[in-house]
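The values are calculated or read from the model by the stated rules, or taken from the named source; none is laboratory data. Computed from a prediction, not measured in an experiment: that's the story for all the values here. Using ideal geometry, Cβ is built from the backbone for each residue, glycine included, and neighbour counts are taken over all protein chains shown. Keep in mind that these areas ignore ligands, DNA and RNA; they rest on the heavy atoms of the full protein, side chains included. Shrake-Rupley method; radii C 1.70, N 1.55, O 1.52, S 1.80 Å.
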Amino acid sequence: MSRRAQLDPASVGLPASPVARRRRGLRREEVAALAGVSVDYYARLEQGRIGNVSDQVLTAIEDALRLGPLEREHLRSLVSTPPPGKARRPAVKPAKARSGIRALITAMEPIPAILQNSRMDILAWNRSAKVLPADFDAMSTKDRNVARRLFLDPTTRIRYPDWEAVAAPTVAALRAAYNPNSADEGLEQLVGEMTLNYETLSLPDSGGQFISTYTADAGSPSDERLRILLSWHETPAETERTG
């Protein structure tokens, strides 16, 4: 749809429309005509409601949209159809966290830390991370994914005031990997917003895994709120030790 909006009708040989265009770019029916498919078929394809698509049809649509080589590869990845002459990539094996990395995550207390793979599946977390981003123990394995929660959990728009600025790099990171936090609303209202520093530490020889950490500037209001939030989940021994 974004590519269709970028094309000038004259640049693909279409005559001037006798009816004023409400939007820039090509209409669906024009792309369908250029590709030699029905308007209904193309509309369902654009909406992701088509199963298997023949290579011939995809090539025709790629030509109609004037896609480059990388754009064609991306389109075929969206419809799970490999480009001509290119074998489908083998399925990615489920990622697992090494025991040493799990121990490192635990040892980073009280800094909230989580381990993710390149698809943003959450593989390991420490107790403080369960307090800040979300209670991962209470989630199903499928729901332990940063991108899934960011777009499907409406509470993330409360957790991230500048949600769009978080969403954009999240999508970019998923694209870079090729394939395409459960909040307590009462707690959010009680604690208020916190400004935290977010850092990622890439792990060599881990297949794209990385550690994410959340910290507040020392002595800042956010630092005090974070300490209070974490203290609610301390054991009696930890409370005595930290005062």
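Points to keep in mind about this one:
- Residue check, Glu240 open to solvent by 60 Å² or more (accessible area, probe 1.4 Å) and at pLDDT below 60: yes
- Complete set of residues in region 209-221 that are modelled with pLDDT of 80 or more and either open to solvent by 80 Å² or more (accessible area, probe 1.4 Å) or not in a strand (DSSP E or B) (or both): Gln209, Ala216, Asp217, Ala218, Gly219, Ser220
- Identity of the residue in region 93-130, assigned to a helix (DSSP H, G or I) and of a type in the set (Val, Ile, Thr), that ends up most open to solvent (accessible area, probe 1.4 Å): Thr106
- Scanning region 156-170 for residues that are surrounded by 14 or more Cβ atoms within 10 Å (Cβ to Cβ) and of a type in the set (A, V, I, L, M) gives Ile158, Val166, Ala167.
- For region 31-40, the set of residues classified as closer than 13 Å to Ala60 by Cα, outside any loop (DSSP other than H, G, I, E, B) and either open to solvent by 30 Å² or more (accessible area, probe 1.4 Å) or touching a Pro at 6+ places or on another chain (Cβ under 9 Å) (or both) consists of Ala33, Leu34, listed by residue number.
- Taken residue by residue, region 137-155 has at least one member that is assigned to a loop (DSSP other than H, G, I, E, B), surrounded by 13 or more Cβ atoms within 10 Å (Cβ to Cβ) and β-branched (Val, Ile, Thr).
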